[in-house]
Amino acid sequence: MSLRFRILLSGSFALLAVMLCALYGAHVRDEAERARNEAMQRYGGEVVNLVVAKQTLEAGDVVDQANVESRDWLADLAPEGAVTSMDAAVGREVTVATPAGAPVTELTFRDVGQMAEVPSGHVAVTVPITDKLGISASVAVGSHVVAYRAAEGGSELLGADITVLSSPGADASAISQGNLTIAVAPDAVSKVLTASTAGDLRLVVPADDVEGLGESDQSAPPEVESQPSGDEGTAEGADEAAAQVVPTD
């Protein structure tokens, strides 16, 4: 077999591999879109067009048509303050990070001056307030809270050094009435976001004289009852809202 033939054969195989990878990628995207459309048909309800992040939008990024796209979304599952027009998003600077695949909301462009200063060595994490979160929407800014992940048969301590930076009850003019921003230690950010997305995040507010909640052998009941709140701003369907993060300087 000549060298030239071997080179041509190798090139052909390489081209075939690239084509197969491209076809597989297109197939995966088509399957994902088909599954999403089927889910929307099963659920029913009104469909709205939202601006969705195609890639993670970091604080300081400027939104353009390369990093966002318009996508159909069930109105009942759309987060409060979701941006519905590309013109309302393109050209604006991101102040609160938004993960890929999540709808862009007015919170993405929130004036960071509306919330308390992020403590040194911490990260600001915004999570949706749900009926399972276990904390009132009117919790005061500066409150010390403890985070757990509720699981079948028990719970896991996620972080005890957490401070409330903003809440709907503390600022009635806040753009997003269904979200809570908390300051979390860097090593707990991933766990808090994962638990929030899965609906397993529970927050409790200990009294000043309570000790020992930061120890690894402590746990809270897997189901923490939501505190009663007179605030009507708790977001319905917020389980589908994406948690968003602002790193401290």
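The values are calculated or read from the model by the stated rules, or taken from the named source; none is laboratory data. For clarity, every value in this text was computed on a predicted model and none was experimentally measured. For neighbour counting, all protein chains shown are included, and Cβ atoms are generated from backbone atoms with ideal geometry for every residue, glycine included. Note: areas computed on protein heavy atoms with side chains; ligands, DNA, RNA excluded. Shrake-Rupley method; radii C 1.70, N 1.55, O 1.52, S 1.80 Å.
Before moving on, here are some points about what is shown:
- Of all residues in segment 44-53 being in contact (Cβ under 8 Å) with a residue 24 or more places away in the chain and either assigned to a loop (DSSP other than H, G, I, E, B) or aromatic (Phe, Trp, Tyr) (or both), the one that is most open to solvent (accessible area, probe 1.4 Å): Glu46
- Among the residues making up segment 127-154, those that are closer than 20 Å to Ala185 by Cβ and in contact with a Gly (Cβ under 8 Å, 6 or more places away or on another chain) are Val139, Val146, Ala147.
- Search result, residues across segment 54-102 that are touching a residue at least 40 places away in the same chain (Cβ under 8 Å), open to solvent by 40 Å² or more (accessible area, probe 1.4 Å) and small (Gly, Ala, Ser): Ala59, Ala100
- Annotation: of all residues in segment 107-122 being modelled with pLDDT of 75 or more and either touching a helix residue (DSSP H, G or I) at 6+ places or on another chain (Cβ under 6 Å) or under 25 Å from Thr84 (Cα atoms) (or both), the one that is surrounded by the fewest Cβ atoms within 10 Å (Cβ to Cβ) is Phe109.
- Some residue of segment 128-150 being in contact (Cβ under 8 Å) with a residue 12 or more places away in the chain and under 24 Å from Val68 (Cβ atoms): yes
- Scanning segment 44-62 for residues that are within 18 Å of the chain's Cα centre (by Cα) and aliphatic (A, V, I, L, M) turns up Leu50, Val51, Val52, Ala53, Leu57, Ala59.
- Counting the residues of segment 124-160 that are in a strand (DSSP E or B) and either of a type in the set (S, T, N, Q) or modelled with pLDDT under 85 (or both) gives 5.
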